[in-house]
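Asks: Sharing a structure, written as structure tokens. Questions coming.
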2 protein chains.
Amino acid sequence: MVDWDPPSRDYEFLFNEVFDAVGSIEGLGFDDFDWDFLSMLMEGWGTHVKEVWLPINEIGDRKGLRFEDGKISMPEEFKDAYKRGVEEGWFATSSKPEHGGMGAPTLFQAVTWAEFGTSTCMSLSVLPALTTGVYEVLAEHGVSELVDYYAGNLATGEWAGTMCLTEPHAGTDLGIISTRADPNEDGTYRISGTKIFITYGEHDMTDNIVHLVLAKVPGGPEGTKGISLFLVPKYLPKQWGDGSLSEITHDLSDSVNGVSCSGSEEKMGLHASPTCVMNFDESVGWLVGPLHEGMPLMFEMMNRERLATGMMGLGLGEIAYQNALNWSKDRRQGRDLKGARSPNEAADNILVHPDVRRMLLESKVNNEGCRALAAWTGILLDQMRSDDPDVSEPAEGLVAMFTPIVKAHFTDLGCETASTCMQVMGGAGYCSEYGVEQFYRDVRISKIWEGTNGIQALDLAGRKVTQGFGRNLRYLMWPLTDFIEENRDDEEMAEFNRPLHQGARGLQQITLLMVGEGMADPHFLAAGATDYCRYFGNVLLAYMWARIAKICLKRKGEPFYDAKLASARFFFNRIFPETLGLAAKIQSGPGPMMEYPEAMF
Amino acid sequence: MVDWDPPSRDYEFLFNEVFDAVGSIEGLGFDDFDWDFLSMLMEGWGTHVKEVWLPINEIGDRKGLRFEDGKISMPEEFKDAYKRGVEEGWFATSSKPEHGGMGAPTLFQAVTWAEFGTSTCMSLSVLPALTTGVYEVLAEHGVSELVDYYAGNLATGEWAGTMCLTEPHAGTDLGIISTRADPNEDGTYRISGTKIFITYGEHDMTDNIVHLVLAKVPGGPEGTKGISLFLVPKYLPKQWGDGSLSEITHDLSDSVNGVSCSGSEEKMGLHASPTCVMNFDESVGWLVGPLHEGMPLMFEMMNRERLATGMMGLGLGEIAYQNALNWSKDRRQGRDLKGARSPNEAADNILVHPDVRRMLLESKVNNEGCRALAAWTGILLDQMRSDDPDVSEPAEGLVAMFTPIVKAHFTDLGCETASTCMQVMGGAGYCSEYGVEQFYRDVRISKIWEGTNGIQALDLAGRKVTQGFGRNLRYLMWPLTDFIEENRDDEEMAEFNRPLHQGARGLQQITLLMVGEGMADPHFLAAGATDYCRYFGNVLLAYMWARIAKICLKRKGEPFYDAKLASARFFFNRIFPETLGLAAKIQSGPGPMMEYPEAMF
């Protein structure tokens, strides 16, 4: 019953008209990259996931995975689909050509790839997304011997990768992990400990699984400063023995490297994405990056995964919207309050009802606003690599600041959109047959993964905004203020520009309040963080919609542009006003929660 | 892993101090009813569901029901629990003594019974709740022969009842149903048609199932005006033959009365609550109430079920909160930003974090506010029956107006609370082992059942508020305005009374706007209805919290009352401000949704 089409027209608009994706990354080493190539990538990937991924999404939910004797078996359909993706090179678009990758800009992989993949099969998409993250950390920070051996198979997806952070007693608080790494004489380490919530920690989709494991080498500093990052393969090379990886083939040992899976969580959704308890028992591992400096590396990967998780909110929001829309076009109930629109039918379709339109437009407009911000973020990810500091520094600052917002705001909205779209469908929305309930369950994890949204908000308010004395915020406020100024006297823009101006001013005021009060009382900042993050997200989406409106005002009369203008109006009238309440809540400070008597909870 | 305790202390406070439950219903025919009796009922029911229902809730979710050859088998644990409830009289508290009931006031059954039942096993609770609804309609409107035969077994729960409204093409829009009822010569009817989404339409919990079916008798008026209500049993009496029910025993025929179940929906949650496709094939049925006047009767039952559905939002919100709270007391991650609170432990418990407290207090404070409004509504349900029009008329008006708010606002909040509580628990919240994910799935149907929340909002804004030239609203505004006036000069009350005053004034202004603009453009009213309903819900909860604060200010220094005061502060500072954004959205009118070009959705 579920259907989906890639939102290609929207990407064409965003990458060509709102942002000049190709022009923005000129000279950054993507020489053969042009619009035709990007367009071809988007079309090819859209076709691939519609044909190969979408049909297996519900199968994965229903069949799930099988855990037996420490082994996890994935549905055959998943293995076939994954294999085809590896063969066709779809997991290697942003990997370096020297590792067998396509060398295309990150903006495709981080944005369009991620959205289409999560829309059509979220539980499968996380496997190549994680592997790409492992590949990138390794390619950037691994010693050459390690890179030479592992990077190629990770780049293409022939081998899979994982992130092993959480332990039973240590999730958000990684400083208290107890997994240890003891040095061997040959330069490798013996890793021992238990990790939980390890996505795709064990499965039969690939011949080998390469874990990036956080562990402490005895004698190091306390807390997070004593954490190092290790590469720990499920299977060591067959010929391996003396600690060196040079000139060793990819043939693998028959016995596992002390790595075992002792269970897989039963979850509300993502039934075909294993969530494993992983045990490392004197497993051989290689240090990645400097000793005791594992946290910054893991955060590098984590930040990419945070953006990817944000895209899950958008991806699931998009497919939920498309299916609710299809339903509402066919479903006939009641009459337009202003008179029957289809008098020959027993009832009008439910699109005539203002409240149904409200639900559909909330979903659509939030999806499209998020997609615009994602497109911008994708371009910035490539610009970060520029040799020109005038390009790379603002890009880096903005990505740092946008990351928690994309992660938290997109996933909050994705969960809300899945719920709203279920509501459009009434009872059918709650029944498995119609698919939307799976999206509702699947997308919910995205608010938790890679640091809960509360943690994202603290990262934004307590770190990203104040970093470098507010440098990141200035990189946003400069172009935003310019835009507002440029449009100050444009009457047609007033309906968009005025609320944007108010929102931007409000953001500055609240930021000053949070930072100022936060210096005296850190609880003030923490108490307002979640509302602040949502306020900030709204201002960014307002900026996107105002920029979109500016473009569309020049092409009035063309249906696509008229619809975008109407969407921008919906945003400013029906979504953006929530900032009023958020500001008031933040201003009330930490008293309302901290003064509640603890014993009386 | 899941635990729950009845919130008895809160009910004691509400029924004794905030409202005088016993005094309010004095002289209404509940002569033996006093505080001891109500207290005993609450304690007994709390103990029963904690011991009998709570342990089977997760079993029901996991095992679900079995559909085979038109029969639905329920888990054995459910059959045992239900049987025990019938034996102990727990489903007959509000039924009339002449039918074997306890004759206790509705306020217990509609409020406390409903909350405790849905908290501990929502999928079981709907069976007696529906049966009570069927019993009440029958006892009120059935001819004596029908009442004599059916009311007793329905009153006690020995037989079960259902509501059969929805058809595949007709859900919200019942005017287009096609189930027909042809008159027999003996005064009965032959009912034929298909109904979907019939909760507990078929099961093996009781010997007989009594369906209330909406159908059209040929030759009647078009639309909802031609709908009649029929009682259709699964099994007819064994001796039955000549159309009369007098002096016939409860022995049942071996063959079904043309009633069959052709399927049960697979749903996201409520796995142990059958959702059936029911077919009636020339089934013998009895008219209940006057011919062609089935809709008002069905609405009578529907309105009780709407309140019951609202209570599901509270019930699931409460158990989600209790479990998230237990988790947060045990879970240690990070440190209080102002310095370690448990320096001897590796980390502080997460209750020290302002954002965790925000989540817990949002949940707790919304639960308690809803419980207060529910308690008031419960008392009004009994007062509706008073012979004194000065009592019954305001009660009826307020219940009419509160019903859509309790249904929509409580269930919206219940879904939000389940999500917030899952978020408190991080990854554990998403795993089945910890139970909260079941609450998240189960509670979601409550926004859809008995008229989606969008329909509730339209009922409120388009009907209940304007009914009798605004009579219902005046019944609220009089005491509310008095309360605000009384406290105008009370300095201690200012922090509660001022925002309440603003909210009440805002509600009046928005109501005038909605009604005024709605006369010229019905889309205006429909476009703002959902936000209006939420605004209204917030004002009612604000009124509850201000009344609670008034009481608690007099008992400062006692922990329970201090905590309530802190909760009231949290409400006004951290929840109520959302009304600011809602008002702005409503004021923007229908343009943002209705002007969106339909072809471009």
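Asks: Only residues that are in a strand (DSSP E or B), within 14 Å of chain B (Cβ to nearest Cβ) and farther than 27 Å from residue A:270 by Cβ: list them for the range A:169-200, please.
Replies: From the range A:169-200, those in a strand (DSSP E or B) are A:170, A:180-183, A:189-199; that's our starting set.
If we keep only those that are within 14 Å of chain B (Cβ to nearest Cβ) as well, we get A:170, A:195-199.
Listed by number, the list is empty, since nothing qualifies.
Asks: Do any residues in the range B:507-525 that are away from every other protein chain (no Cβ under 14 Å) have Cβ atoms under 7 Å from those of residues that are assigned to a helix (DSSP H, G or I) and β-branched (Val, Ile, Thr), where the two are at least six apart or on different chains, and which pairs are they?
Replies: Short answer, once both residue conditions are applied: B:507/B:539.
Asks: If a residue must be closer than 16 Å to residue A:167 by Cα and either of a type in the set (S, T, N, Q) or surrounded by fewer than 22 Cβ atoms within 10 Å (Cβ to Cβ) (or both), how many such residues does the range A:193-215 contain?
Replies: 3
Asks: Could I ask something else about it? Here is a list: B:574, B:547. Which entry is within 9 Å of another protein chain (Cβ to nearest Cβ) and at negative phi? Please lay out each step first, then the result.
Replies: Values: B:547 fails: within 9 Å of another protein chain (Cβ to nearest Cβ).
When all the criteria are applied, what remains is B:574.
Conditions (1) buried (at least 22 other Cβ atoms within 10 Å of the Cβ); (2) within 14 Å of chain A (Cβ to nearest Cβ); (3) at pLDDT 95 or above, marked per residue:
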{"residue": "B:356", "(1), (2), (3)": "yes, yes, yes"}
{"residue": "B:379", "(1), (2), (3)": "yes, no, yes"}
{"residue": "B:382", "(1), (2), (3)": "yes, no, yes"}
{"residue": "B:387", "(1), (2), (3)": "no, no, yes"}
{"residue": "B:404", "(1), (2), (3)": "yes, yes, yes"}
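Asks: I'd like to verify a number: residues in the range A:28-43 that are out of contact with any Ser or Thr (no Cβ under 8 Å at 6 or more places or on another chain) and either of a type in the set (D, E, K, R) or free of Cβ contacts under 8 Å to residues at least 12 places away in the same chain (or both), how many?
Replies: Taking the range A:28-43 first, the residues out of contact with any Ser or Thr (no Cβ under 8 Å at 6 or more places or on another chain) are A:29-40.
With the extra rule that they be either of a type in the set (D, E, K, R) or free of Cβ contacts under 8 Å to residues at least 12 places away in the same chain (or both), the set shrinks to A:31-32, A:34, A:36, A:40.
The qualifying residues number 5.
Asks: Next up: Condition first: in a helix (DSSP H, G or I) and of a type in the set (A, V, I, L, M). Can you find one or more residues in the range A:325-342 that meet it? First the steps, then the outcome.
Replies: Residues of the range A:325-342 in a helix (DSSP H, G or I): A:325-330.
This time we only want the ones that are of a type in the set (A, V, I, L, M), so: A:325.
So far as the range A:325-342 goes, yes, one or more of its residues are in a helix (DSSP H, G or I) and of a type in the set (A, V, I, L, M).
Asks: Against the condition over 28 Å from residue A:413 (Cα atoms) and in a helix (DSSP H, G or I), how does residue B:374 come out, does it pass? Break it down stepwise before answering.
Replies: Working: over 28 Å from residue A:413 (Cα atoms): yes; in a helix (DSSP H, G or I): yes.
So residue B:374 passes the test.
Asks: Starting from residues that are loosely packed, with under 15 Cβ neighbours inside 10 Å and part of a loop (DSSP other than H, G, I, E, B), keep the ones in the range A:1-17 and report whichever is nearest to the chain's Cα centre (by Cα).
Replies: A:5
Asks: Name the one entry in A:456, A:467 that is more than 21 Å from residue A:312 (Cα to Cα) and either crowded, with 22+ Cβ neighbours inside 10 Å or at pLDDT below 95 (or both). Please lay out each step first, then the result.
Replies: Working: A:456 fails: more than 21 Å from residue A:312 (Cα to Cα).
Answer to the selection: A:467.
Asks: Regarding residue B:234, is this residue more than 25 Å from residue B:448 (Cα to Cα) and without any contact (Cβ under 8 Å) to a residue 24 or more places away in the chain? Talk me through it step by step, then tell me what you get.
Replies: Working: more than 25 Å from residue B:448 (Cα to Cα): yes; without any contact (Cβ under 8 Å) to a residue 24 or more places away in the chain: no.
Answer is no for this residue.
Asks: Something else about it: Could you check residue B:474 against (1) more than 11 Å from chain A (Cβ to nearest Cβ); (2) surrounded by 22 or more Cβ atoms within 10 Å (Cβ to Cβ) and say which number it fails?
Replies: Among (1) more than 11 Å from chain A (Cβ to nearest Cβ); (2) surrounded by 22 or more Cβ atoms within 10 Å (Cβ to Cβ), the lone unmet condition for residue B:474 is (2).
Asks: Given the condition in contact (Cβ under 8 Å) with a residue 40 or more places away in the chain, closer than 27 Å to residue B:94 by Cα, surrounded by fewer than 22 Cβ atoms within 10 Å (Cβ to Cβ) and not assigned by TED's automatic domain parsing to the domain that holds residue B:457, answer yes or no: does some residue in the range B:364-371 qualify? Working first, answer last.
Replies: Step one: filter the range B:364-371 for residues in contact (Cβ under 8 Å) with a residue 40 or more places away in the chain, giving B:364-371.
In the following step, the residues that additionally are closer than 27 Å to residue B:94 by Cα were identified as B:367-371.
Narrowing further to those that are surrounded by fewer than 22 Cβ atoms within 10 Å (Cβ to Cβ): none.
So far as the range B:364-371 goes, no, none of its residues is in contact (Cβ under 8 Å) with a residue 40 or more places away in the chain, closer than 27 Å to residue B:94 by Cα, surrounded by fewer than 22 Cβ atoms within 10 Å (Cβ to Cβ) and not assigned by TED's automatic domain parsing to the domain that holds residue B:457.
Asks: Additional query: Counting just the residues of the range B:209-223 that are more than 14 Å from residue B:289 (Cβ to Cβ), outside any loop (DSSP other than H, G, I, E, B) and of a type outside the set (Gly, Ala, Ser), which one comes out farthest from the chain's Cα centre (by Cα)?
Replies: Checking each candidate, the answer is B:216.
Asks: Name the residues in the range B:71-96 that are under 23 Å from residue B:261 (Cβ atoms) and either at pLDDT below 95 or β-branched (Val, Ile, Thr) (or both), would you?
Replies: Within the range B:71-96, B:72, B:86 qualify.
Asks: Which condition from (1) more than 13 Å from chain A (Cβ to nearest Cβ); (2) within 23 Å of residue B:116 (Cβ to Cβ) is the one that residue B:416 breaks?
Replies: (1)
Asks: Another question, then. Assuming residue B:333 fulfils every condition listed in (1) surrounded by fewer than 24 Cβ atoms within 10 Å (Cβ to Cβ); (2) facing another protein chain (nearest Cβ under 10 Å); (3) within 26 Å of residue B:76 (Cα to Cα) apart from one, which condition is it?
Replies: Residue B:333 satisfies every listed condition except (3).
Asks: Check the range A:148-169 and report whether any residue there is more than 23 Å from the chain's Cα centre (by Cα), surrounded by fewer than 23 Cβ atoms within 10 Å (Cβ to Cβ) and within 30 Å of residue B:346 (Cα to Cα).
Replies: yes
Asks: Please go through the range A:274-290 and pick out each residue that is within 14 Å of chain B (Cβ to nearest Cβ) and in contact with a Leu (Cβ under 9 Å, 6 or more places away or on another chain).
Replies: A:274
Asks: Any residue at all in the range B:463-470 that is in the same structural domain as residue B:535 (by TED's automatic domain parsing), in contact (Cβ under 8 Å) with a residue 12 or more places away in the chain, out of contact with any Ser or Thr (no Cβ under 7 Å at 6 or more places or on another chain) and within 30 Å of residue B:196 (Cα to Cα)?
Replies: Yes, the range B:463-470 has at least one match.
The values are calculated or read from the model by the stated rules, or taken from the named source; none is laboratory data. Note that the structure is predicted; figures quoted are calculated from it, not measured. As a convention, Cβ positions derive from the backbone with ideal geometry for all residues, glycine included, and neighbour counts pool all protein chains shown.
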